[in-house]
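So the structure is just underneath, and the comments pick up after that.
The values are calculated or read from the model by the stated rules, or taken from the named source; none is laboratory data. Values in this document were obtained by computation on a predicted structure and should not be read as measured data. Cβ placement follows ideal geometry from the backbone for every residue including glycine, while neighbour counts extend to all protein chains displayed. Surface accessibility is based on the protein's heavy atoms, side chains included, excluding ligands, DNA and RNA. Shrake-Rupley method; radii C 1.70, N 1.55, O 1.52, S 1.80 Å.
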Amino acid sequence: MSTSEQANQLYVPSDATVKAAHVSGMEAYRKLCEEAEADYEGYWARLAKEFVTWKQPFTKVLNDSNAPFFKWFEDGLLNVSYNCLDRNVEQGRGDKVAIIFESDDGQVTRVTYRELLEKTCRMANGLRELGVKKGDRVVIYMPMSVEGVVAMQACARIGATHSVVFGGFSAQSLRDRIQDAGAVLVITADEQMRGGKQLPLKAIVDEALGMGGCDTVRNVLVYRRTGGNIAWNARDVWLHEVLAKQATTCEPEWVDAEHPLFLLYTSGSTGKPKGVQHSSGGYLLQAALSTKWTFDLKPEDVFWCTADIGWVTGHTYIAYGPLANGATQIVFEGVPTWPDAGRFWKMIQQHKVTIFYTAPTAIRSLIKAAEANPATHPRNYDLSSLRILGSVGEPINPAAWEWYYRNVGGSRCPIVDTWWQTETGAHMITPLPGATPLVPGSCTLPFPGIMAAVVDETGADVPNGQGGVLVIKKPWPSMIRTIWGDPERFKKSYYPADFQGRYYLAGDGAVRDANTGYFTITGRIDDVLNVSGHRMGTMEIESALVSCTELVAEAAVVGRPDETTGEAICAFVVLKRPRPTGEEAKKIADELRAWVAKEIGPIAKPKDIRFGDNLPKTRSGKIMRRLLRSIARGEQITQDTSTLENPAILEQLAQSN
Ligand code: 6R9
């Protein structure tokens, strides 16, 4: 979108919204930014005292003596689960509903703060009985459930570091994560329910552990969700049997602020996923703070973040942020399109949801569904309870933004387009609903205290209106601390020598509007794809394809734009047999998709698979991915192909769709 178009499309918050907001008006926003500019550590220290209850107060704020391994509030002692649960009960919110759980088949369960605390204590005691200690890693491979959130909180309570693995990942991916984390325990369920179907979980854990290399795992703790048939091993323990014996109180383990609360694996530009390590104190501060300010959260709100707890959004904006604020939130087991694509709207109506936070890919698929079946259009539902809408995970295109604004928000609710990452722990660039005028497609301005900037390859600021790479100039409390077991990779990936190690490199490109200074994210600058808001490394998918050694000789993976999923995965494959065509090509493509689903998970299945006798390569043998990108998009190749060894291959690949 051009600058002038952007400037013409400002959506200004209503006077009433501004007046009632925690951050009330642009003046208040600027004041906070100025406070942070003037005294960076003082600003964060003030908020850390306001938002976190410390067992022992911190005296140091930021320690940058071993940059980029920054420490925040390092001599402070706290417990994250105490802050999310006990504190609410002590402050008189024991009978307030913490979680409204809706199952796949529409059954609703309400859990109060007191009950959630008791459940967490019982689970924490159970973990201790199984020998789990402070600093141990626990892998959680669970469906969306109260028990999933309780498992995370219970780990936090005893100082164990959790690593949640999304229930859609394959046995191979699960095994790699268990092994890398050195987990002592895996918490799972017999099965999960999605869209009316029973899908295995425990069987996948069995398969993962059966692959070997997970000797650290002593037990598998199994939550009975469906009662489906599962195999039983000596190491397996039923969750309900362990819980039956446990007390409903449990003394929290007080940990220092830097104690690792969780690892969360995410894709980078090389094959191996990285275990992003987060802290306790700094993370909790920004989880709590951003939930309150970005969503302008009030005690009477009903908050709903539709993410899965397997992603960072489900960590910060389900498991921690809303609970740290004593909010009432929805936890949803199912999928947006079942029993029909009106499910989200029906749930908003039924539970009187006031704040709704979802991903552009979900919106785009629901737009399509509403066009195909008008009965699922949001206009058929009473969505008048909604106050604030949010978007996360990928750029939201202006057309989807407008639809969301009009049809879901009734042209009354601000949309907070929140840019952030697994590594940042919390929102970094986002509108604040009672302050920031909105522009469709722009995540607008940095959260107060976040020093975001657009720079060139040398680290110099680029003028507004010109594209560059997105960096964060100062460390912030909820930032990644390291990559588990690989500090060198942490340094190389995020604090590269190009910027003399000074700035955090986000891996996204961005441009700031010439008039407003608003940020627009232009997409990843590395080999990471964003498909339906899920991050995937092209190298990861390539490794999965070539590991099918019977069939595949070589593979290259690129992204191309897709109307619904944002980006789609396109694989170019050279087989060990003659290039297939027609029905045979289709059959092999399906086999390869199934293979990738098995190696990584169904979310990594390539949409397009094209077969060639070879791939376009330079004379030195490097695959020319930029040419493959053009072919995947169906573009004419206008780039320079003079370094190409085998130009004829371009024609063949272009025809092979
Ligand atoms: C929270 C989350 C991070 C990557 C990030 C960027 C993309 C996320 C965005 C956005 C444009 C937004 N991204 N939010 N792009 N506008 N509002 O999604 O974390 O899974 O680690 O992905 O997602 O490319 O670098 P994660």
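Below are the figures for this structure:
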read-out	value
Protection proxy ranking of 343-351, 160-168 - average other beta-carbon atoms within 10 Å, highest first	160-168, 343-351
Alpha-carbon radius of gyration plus Dmax, which is the widest Cα pair, for region 309-396 in Å	13.4, 41
For region 416-424, 3J(HN,Hα) per residue [Karplus equation, 6.51 cos²θ - 1.76 cosθ + 1.60, θ = phi - 60°, Hz, x = Gly/Pro]	8, 8, 9, 8, 6, 8, 3, 6, 8
Length-normalised contact order of region 532-654 in % [C-alpha pairs under 8 Å, at least 6 apart]	24 percent
Heavy atoms of Cys250: accessible area, 1.4 Å probe, square angstrom to 10	10 Å²
All-pairs Cα distance distribution in the chain, expressed in whole percent, bin size 10 Å	3, 15, 26, 28, 19, 7, 1, 0
Relative contact order (percent, whole number), region 350-450, Cα cutoff 8 Å, 6+ residue spacing	24 percent
Inter-centroid distance (Cα atoms) of region 313-345 relative to region 444-483, Å	30 Å
Under-5 Å amide H pairs with Glu554, H placed in peptide plane, nonlocal only	Val574
Interchain or long-range residues, amide H under 5 Å from Arg524's placed H	Gly509
Using θ = phi - 60° and Karplus 6.51 cos²θ - 1.76 cosθ + 1.60, couplings along region 577-592 (whole Hz; Gly, Pro as x)	10, x, 4, x, 9, x, 4, 5, 4, 4, 5, 5, 4, 5, 4, 5
From phi via Karplus (6.51, -1.76, 1.60), per-residue ³J(HN,Hα) for region 216-230 in Hz, x at Gly/Pro	5, 6, 8, 9, 10, 9, 10, 7, 8, 9, 10, x, x, 6, 9
Of Lys474/Lys617; Lys197/Lys245; Lys134/Lys245; Lys492/Lys617, pairs whose Cα-Cα distance is over 30 Å	Lys474/Lys617; Lys197/Lys245
Mean separation of Cα contacts under 8 Å (6+ apart) over length of the chain, as relative contact order %	13 percent
Rounded if a/c under 1.5, otherwise prolate or oblate - region 532-654, Cα gyration tensor axes	oblate
Local electrostatic count at Gly612 - Lys and Arg +1, Asp and Glu -1, tallied over other residues with Cβ under 12 Å	0
Cα-Cα P(r), region 177-250, percent of pairs per 5 Å interval	3, 15, 24, 22, 16, 13, 5, 1
Square roots of five times the Cα gyration tensor eigenvalues for region 418-493, Å	24, 18, 10
Solvent-accessible area, 1.4 Å probe, carbon plus sulfur percent, for the chain	49 percent
Mean Cβ count within 10 Å, highest first, over the residues of peptides 372-382, 272-282	272-282, 372-382
Computed helical MRE - 222 nm, the chain, DSSP H runs ≥ 4 contributing -39500 (n - 2.57), nearest 500	-8500 deg cm²/dmol
Local net charge near Gly559, Cβ-Cβ under 11 Å (Lys/Arg +1, Asp/Glu -1)	+2
Sequence-distant residues sharing a close amide H with Leu529 (under 5 Å, placed H)	Met536, Gly537, Thr538
Accessible area per residue in Å² at 1.4 Å probe, computed on the chain	37 Å²
Protection-proxy order for peptides 128-135, 478-485, each taking the mean of Cβ atoms within 10 Å per residue, highest first	478-485, 128-135
